[in-house]
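Enquirer: Let me begin by handing over the structure; questions about it come next.
Where a number appears in this text, it was derived from the coordinates with a stated rule and is not lab data. Every value quoted in this text rests on a predicted model; they were computed, and no experiment measured them. Cβ atoms come from the backbone with ideal geometry, glycine included; neighbour counts cover every protein chain shown.
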Amino acid sequence: MNTFLIIFFILFFSIVEMILSRKWNHYYYSYTLPIFHKTFIYSNLNLSSKNIENFINNMDKKEYFHHYIGKCIDQNTFFFRKKMITVGLFRNDFENLHGTILIDTENQIIKLKCSSLYSQLLFLTYIFLSLWQESDFIFSNIIPILLTVLFLYLIFYFSDFIRYKKLLKEITNLVK
């Protein structure tokens, strides 16, 4: 397949993903590529809901989350994502964590689900296939190529994981 068409497809998919994220599309946030999830038990629904809503509305004013923005979709559903445009000299584009916080009033639990972008997975798949194609399909070259792609995936994953741990700590403090 033509390299230009593949790159065009990945860019097109990234733009569609960005639009769905920016429009706070419920389907997009519900069925993204999950990488982390955690369940919390809460004792006071009103206090927990108010604390989480306050956190989501002021997420960009928090120390570790100033590149993020959140939105209250309904009384018990909250979405968050990275800001599209940020001010500052340093922006970590490896980290693109987004997700949902759901309050399940029936079971008295809060579900935190963090997801990664499909376009990252497409990008890594493209790198793997293009490197493999350039190696003339020699089986001995598959190991270094696989290790290179795995290394890139680990950069994406651990960058998201660090942010997830901070989000997990923040939500745990809000639910207490």
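Enquirer: Over 24 Å between C-alpha atoms is what I'm after, so list which of Lys23/Lys169; Lys38/Lys71; Lys23/Lys176 land there.
Expert: Values: Lys23/Lys169 27 Å; Lys38/Lys71 19 Å; Lys23/Lys176 32 Å.
The pairs that break the limit, which is 24 Å between Cα atoms, are Lys23/Lys169; Lys23/Lys176.
Enquirer: Then there is this: Is the shape of the range 1-61 best called rounded, prolate or oblate, per the rule: a/c under 1.5 gives rounded, else a/b larger than b/c gives prolate, else oblate, with a ≥ b ≥ c the square roots of the Cα gyration tensor eigenvalues? Please report the intermediate quantities before stating the final value.
Expert: Numbers: a/c = 3.90, a/b = 2.60, b/c = 1.50.
Since a/c reaches 1.5 and a/b is larger than b/c, the shape of the range 1-61 is classed as prolate.
Enquirer: Give the relative contact order (percent, whole number) for the chain; include only Cα pairs under 8 Å separated by 6+ residues.
Expert: Working: 210 pairs, mean separation 45.8, N = 176.
Computed value for the chain: 26 percent relative contact order.
Enquirer: Shifting gears a bit: Report the charge-dipole magnitude of the chain in Debye, nearest 20, computed about the Cα centre from +1 at each Lys and Arg Cβ and -1 at each Asp and Glu Cβ.
Expert: So the dipole magnitude of the chain works out to roughly 640 debye.
Enquirer: Calculated from DSSP H runs of 4 or more alone, at -39500 (n - 2.57) each and per residue, what is the 222 nm mean residue ellipticity of the chain, nearest 500?
Expert: My calculation for the chain gives -17000 deg cm²/dmol from helical runs alone.
Enquirer: If packing is taken as the average number of other Cβ atoms within 10 Å across a peptide's residues, how do 162-175, 24-37 rank, most packed first? It would help to have the intermediate numbers written out before the result.
Expert: Numbers: 162-175: 16.4, 24-37: 14.9.
Top to bottom by mean Cβ count within 10 Å: 162-175, 24-37.
Enquirer: Answer with one residue from Tyr42, Ile10, Ile69: the one whose Cα lies farthest towards the positive end of the charge dipole of the chain, charges on Cβ with Lys, Arg +1 and Asp, Glu -1.
Expert: Tyr42
Enquirer: List the relative contact order of the range 1-77 as a percent without decimals, with contacts defined as Cα pairs under 8 Å and 6+ residues apart.
Expert: Working: 27 pairs, mean separation 13.2, N = 77.
Value for the range 1-77: 17 percent.
Enquirer: Answer with a single label: of (i) 55; (ii) 47; (iii) 69, which was calculated as percent of Cα pairs over 21 Å apart from the structure in view?
Expert: Among (i) 55; (ii) 47; (iii) 69, the one calculated here is (i).
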